[in-house]
Structures are given as structure tokens and as C-alpha cells.
Amino acid sequence: MFAMQYFHRLPSDYDMQVIRDRARQRASIWDVAEGLVFKAFVSQQRGQNGALGNLYASVYLWLNPTAAASFLTSDKFVGVIDSFGRPAIETWLPLDARRGPAITAAWLYREEMLLSAGADVTALGIQESAHNRHHTAQPETVAAWSVLDPKEWRLVRFRLSAGPVKTSSDATVYQVLHLAAPGLEHLS
């Protein structure tokens, strides 16, 4: 598997309905995308759930890096560039990814942790498997996955939730505008 995210910061007076409409209009092409576990169309609106500004982002989990590369070199991505400019793309190696019992996601949570030089990286996969099993046992969880950024030695945890929003200082919260999940059945 392969994971990635990019985002577009938007002006504080940006009409976020334009973003909601964009996600709705593009949803159907992603609902059947080959090689995609899921794509979350997400946003943040200034002043809501801890957001400091307006933002539109896409979060992906791919079955393999080749599927991600095909997207980034396709007309679909040219459409992103034409609309918002070429974004910086964060890419990660998934350590663990699991499906939960919920179907429809309302919120995406993202947590980041720097791994210290003395961190036990050999135990990281086991630790994240247990962490994600705990979250995917919750009835409101659609999916939970943990990824490794080997350049910065960061652990990034994601969770898609159908439950009411929960803000905390530990996680960045995004509203899910649409979840295209053609390959969700590939997760355990």
C-alpha cells in the first residue's frame, strides 16, 4: 500500500460551498477508481473545530505506489493543478490499515508524532496494529491507518469517523465532504 495527502490553503473569505460542490461533482469518478482503497475529500473551515483557516485537502490510501503514480501523471491530477496550482504532496509508507464497522465518514482525524532516535522501530508495526484494532472496534470508525514518514521519522495516524466531532490538541480535524472507497474491502 501507499498513502498520500495534499492540501490547498484558501483565503479566509473563500466561499467553502464551492469546495463542497467540487467534491460532490468529482465523487463519482473516484467511487470506481482502480487501485484505490479510498480517497477522502476533506476540508477545514476557519473558526470551526480548531481550524485556523480555510483548507481543502485530499487524503488517499492506494493499493500500491504504481496506482498513485498513474493518478499523479493523469488528466485527473492536471485538473487539480489547473484549479489550485501544483501542491506539495506528503507521501508515506503504511504500517497498518484496518476497516471499522461504520460506513459513512463525517470526520477525519490526523495525529503526528516524531520518532525519537531511540524509538523501537522494530515494535512500531505491532504497536500500530494494536492501536488501529482498538479504534476499528469502535462502532463509529470507518477506517484507521498508521503511516511512516521515513524522511522525517514521523508516525502519522489517521482515523475516519462517523461519530460526532471530537476536537483535541492531539489531532487535526477535517470534515469529510465525500469518501470514495472502491477498495475498502481490501482492509482487514
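The values are calculated or read from the model by the stated rules, or taken from the named source; none is laboratory data. In this text, all values refer to a predicted model and were calculated from it rather than measured experimentally. For neighbour counting, all protein chains shown are included, and Cβ atoms are generated from backbone atoms with ideal geometry for every residue, glycine included.
Values as computed for the structure displayed
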{"read-out": "Qualifying residue in the range 125-136 (condition: in a loop (DSSP other than H, G, I, E, B), more than 18 Å from the chain's Cα centre (by Cα) and either over 30 Å from Arg24 (Cβ atoms) or small (Gly, Ala, Ser) (or both))", "value": "no"}
{"read-out": "Some residue of the range 142-163 being farther than 23 Å from Gly183 by Cβ and of a type in the set (Gly, Ala, Ser)", "value": "yes"}
{"read-out": "Val18 vs. criteria out of contact with any His (no Cβ under 9 Å at 6 or more places or on another chain), farther than 15 Å from Leu179 by Cα and surrounded by fewer than 20 Cβ atoms within 10 Å (Cβ to Cβ)", "value": "yes"}
{"read-out": "Options Ala102, Ala180: the member that is under 20 Å from Ala57 (Cα atoms), within 17 Å of the chain's Cα centre (by Cα) and of a type in the set (A, V, I, L, M, F, W, C)", "value": "Ala180"}
{"read-out": "Filter result for the condition that a residue is touching a residue at least 12 places away in the same chain (Cβ under 8 Å) and either touching a Phe, Trp or Tyr at 6+ places or on another chain (Cβ under 7 Å) or among the basic types (Lys, Arg) (or both), over Trp30, Trp62", "value": "Trp62"}
{"read-out": "Residue list for the range 154-170, filter: under 22 Å from Phe7 (Cβ atoms), at pLDDT 95 or above and not in a strand (DSSP E or B)", "value": "Val165"}
{"read-out": "Residue check for Ser28: of a type in the set (Ser, Thr, Tyr) and outside any helix (DSSP H, G or I)", "value": "no"}
{"read-out": "Those residues of the range 141-165 which are free of Cβ contacts under 8 Å to residues at least 40 places away in the same chain and of a type in the set (D, E, K, R), in sequence order", "value": "Lys151, Glu152"}
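Conditions (1) under 28 Å from Thr167 (Cβ atoms); (2) modelled with pLDDT of 95 or more; (3) surrounded by fewer than 17 Cβ atoms within 10 Å (Cβ to Cβ); (4) within 15 Å of the chain's Cα centre (by Cα), marked per residue:
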position: Ile29; (1), (2), (3), (4): no, no, yes, no
position: Lys39; (1), (2), (3), (4): yes, yes, no, yes
position: Leu61; (1), (2), (3), (4): yes, yes, no, yes
position: Ala67; (1), (2), (3), (4): no, yes, no, no
position: Thr73; (1), (2), (3), (4): no, yes, yes, no
position: Lys76; (1), (2), (3), (4): no, no, yes, no
